[in-house]
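The values are calculated or read from the model by the stated rules, or taken from the named source; none is laboratory data. The structure presented is a predicted model; accordingly, all values stated were derived computationally and were not measured. Note: ideal-geometry Cβ built from the backbone for every residue, glycine included; neighbour counts use all protein chains shown.
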Amino acid sequence: MSSDRQITSRRLLLVAAGMSLLGAAAGCRSPWGGGGGPTAAAAPEGFNESLAGPEATPGAAPVTPSAAPSAPPAAAAPAGPSVETVRHTISTAESKPVYELDAERRVVALTIDDGPDPRYTPTVLSLLQQHGIRATFFLIGENAVQYPELVREIADRGHHIANHTWTHPDLRNLSEGKVRDELERTSDLLHRTTGRLPTWFRAPGGDWSTESLKVAADLGMRNMAWSVDPRDWARPGTSAITDRILKDVRPGAIVLNHDGGGDRSQTVAALKAYLPVLVDSGYYFTAPPN
Ligand SMILES: [Zn+2]
């Protein structure tokens, strides 16, 4: 190889390295981890969600074949089954519950548990639409089976559907077989109802067990905890719920709210109050890729 060609090669390597750094700086990495594959693309249009700048579009790096002869040719998305119907492989590290997102910017994840409930879920969906917010709904199987239209509506509006067991038991008291029954039955129902296999699980009360971590991994689900708990389920009053959230929220927070499991009118009123405050103060809302 001539020295000219060596210099050219080195330059190309530097250009490639520079592009990688630019990509990282532009926020390619999804706050949900996993390296930001094709499913970690930016939010659908119209949502208040900012995971990656326009320059970070996957596969958009302007590498020409002549500049990188050893690189594989630019290919279309790999053919194969759709991501929603394939169980993900969960590593041991990935099976640990996630309490906060890896986010430096004002990104927050809103999670809504224990529904669906026809008394509250439709109002919550309207509020989310009004503010262009995508949330994660941790559904209970025995509620979802009663209201399949609501489950589909949540999914059709772009929200993330996740598994919160079939009967909301304390998993620490259950055998592995019973835990598997709770989780698998719910995943199967949500898959049949929406066409998507849940990829995230939340233990009732945040009470994970060794068995539940194993079963969730077997079923292709990671575990999502939370970092901001306004204890809305205890109905402390709308202003108490609102104040706790606004006091505790910070970049990367995972906020816990409930739209089922009892009278959730205070939660709905609190959402009306605090969502516009967070949006106005520059927060983006995120949910795992569907
Ligand atoms: Zn719950």
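Key figures for this structure:
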{"read-out": "Condition met for Pro169 (more than 16 Å from the chain's Cα centre (by Cα) and surrounded by fewer than 19 Cβ atoms within 10 Å (Cβ to Cβ))", "value": "yes"}
{"read-out": "Subset of region 205-218 that is among the hydroxyl-bearing types (Ser, Thr, Tyr) and within 16 Å of the ligand (Cβ to nearest atom) - its residue that is surrounded by the fewest Cβ atoms within 10 Å (Cβ to Cβ)", "value": "Ser209"}
{"read-out": "Index of the failed condition, Ala225 passing every other in (1) buried (at least 21 other Cβ atoms within 10 Å of the Cβ); (2) within 16 Å of the ligand (Cβ to nearest atom)", "value": "(1)"}
{"read-out": "Residue within region 192-214 that is touching a His at 6+ places or on another chain (Cβ under 7 Å), among the charged types (D, E, K, R) and in contact (Cβ under 8 Å) with a residue 40 or more places away in the chain present", "value": "yes"}
{"read-out": "Any hit, region 250-257, residues being at negative phi, assigned by TED's automatic domain parsing to the domain that holds Asp102, more than 15 Å from the ligand (Cβ to nearest atom) and without any contact (Cβ under 8 Å) to a residue 60 or more places away in the chain", "value": "yes"}
{"read-out": "Qualifying positions in region 168-204 - of a type in the set (Asp, Glu), in a helix (DSSP H, G or I) and either at pLDDT below 95 or within 16 Å of the ligand (Cβ to nearest atom) (or both)", "value": "Glu182"}
{"read-out": "Boolean, Asn143 is within 16 Å of the ligand (Cβ to nearest atom), at pLDDT below 95, of a type in the set (S, T, N, Q) and more than 20 Å from the chain's Cα centre (by Cα)", "value": "no"}
{"read-out": "In region 228-249, the residues that are more than 16 Å from the ligand (Cβ to nearest atom) and not hydrophobic (A, V, I, L, M, F, W, C)", "value": "Pro236, Gly237, Thr238, Ser239, Thr242, Asp243, Arg244, Lys247, Asp248"}
{"read-out": "Subset of region 108-140 (residues that are within 16 Å of the ligand (Cβ to nearest atom) and at positive phi)", "value": "Asp114"}
